[in-house]
Amino acid sequence: MKWGTKYGPEYVNRLYGMVRRHLTGDFQLLCLTDDTNGIRPEVMCRPIPQLDLHLKPGQRDGAWKKLTTFEADLYGLQGTALFLDLDVVIVGSLDDFFTQPGEFLIIHDYPRFWRFGERIVGNSSVYRFTLGAHADVLAYFRGHMAEVQREYRNEQEYLSHALHKQGKLSYWPAKWCPSFKYHSIPPWPTNYWKAPSIPQEARIVIFHGEVNPPDALAGKRNKRFAHIKPALWVADAWKSE
């Protein structure tokens, strides 16, 4: 999905190139977007389904729009869908993402030392589902928007808890989708002389928080008193051809 101006068409084009290199067989890449300019012709572009978010003045819409991937009829498409955030970097085979057992699979959100108890929330940078299978999750959100937004911080928290209650939530193997921020950047103080690396057994490196792929390649963090050396492997992986 691409909306607004944060990500240009090059993100879509590079995502297509990475999928093509790392997925066996035919596929169709669908981009739900409000701007098709500059997107390569191999990508199917369609408008983002209407959500009518109830936002307060100045409130960001976050990623609640991702829930529209669960439309009962998403432009007549059928079959298995693998959702990928625009800013991921694919470094290994995607084939197993389509064969891993489970009704709905998502990244098990990365642990934080201040969290206690069972960790249910998934990170929605990568999730797999059957098109049309979870329309009830979207329908409930549309009918109880204010209530859901009060109870849950973002779309991935709501989505994870809703499918967990239905017994449908599963997680990818932990090493498949590592975090660049937590798993690629060497620990302090070695980050001053060691460059970020590709974690072992990684398939898709997730860029969330203060670093995106161009920043990683340039050795730049949007965080005070933090330092990384350029992650030169991003240039080899994050490309459209």
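Descending by average beta-carbon neighbour count within 10 Å, the peptides 101-111, 176-186 line up as 176-186, 101-111, the highest first. Full extension of the segment from residue 175 to residue 154, taken as 0.36 nm per residue of separation minus the current Cα-Cα distance, would add 5.1 nm.
A straight chain from residue 223 to residue 194 at 0.36 nm per residue would run longer than the Cα-Cα distance by 8.6 nm. Working ranking of peptides 130-137, 141-148 by packing, defined as the average number of other Cβ atoms within 10 Å per residue, highest first, is 130-137, 141-148.
Which FRET efficiency value, to the nearest 0.05, do you get for residue 10 and residue 210 by plugging their Cβ-Cβ distance into 1/(1 + (r/R0)^6) with R0 = 22 Å? The value I calculate is 0.60.
Among 84, 140, 111, whose Cα lies farthest out toward the positive end of the dipole of segment 70-140, if unit charges sit on the beta carbon of Lys, Arg (+1) and Asp, Glu (-1)? Checked the options; the winner is 111. DSSP finds beta bridges in the chain, and of those with both partners inside it, around 60 percent are antiparallel. Scaled against 2.2 N^0.38 Å for its residue count N, the alpha carbon radius of gyration of the chain is 1.02.
Between residue 36 and residue 136, the C-beta separation translates, for a Förster distance of 30 Å, into a calculated FRET efficiency of about 0.50. Summing +1 for each Lys or Arg and -1 for each Asp or Glu among the other residues whose beta-carbon sits under 13 angstrom from that of residue 15 gives +1.
Charge tally for residue 131 (other residues, Cβ to Cβ under 10 Å; Lys, Arg +1; Asp, Glu -1): -2.
Taking Lys and Arg as +1 and Asp and Glu as -1, the other residues whose beta-carbon sits under 15 Å from that of residue 93 total +2.
Do the sum for the chain: with -39,500 (n - 2.57) for every DSSP H run of n ≥ 4, divided by all residues, what is the mean residue ellipticity at 222 nm, to the nearest 500 deg cm²/dmol? About -6000 deg cm²/dmol. Compared with the direct C-alpha span, the chain from residue 51 to residue 166 gains 39.1 nm at full extension, assuming 0.36 nm per residue.
No lab work stands behind these numbers, since they all come straight from the coordinates. The structure displayed is predicted, hence computed values, not measured ones. Every residue, glycine among them, receives a Cβ derived from its backbone with ideal geometry; neighbour counts consider all protein chains shown.
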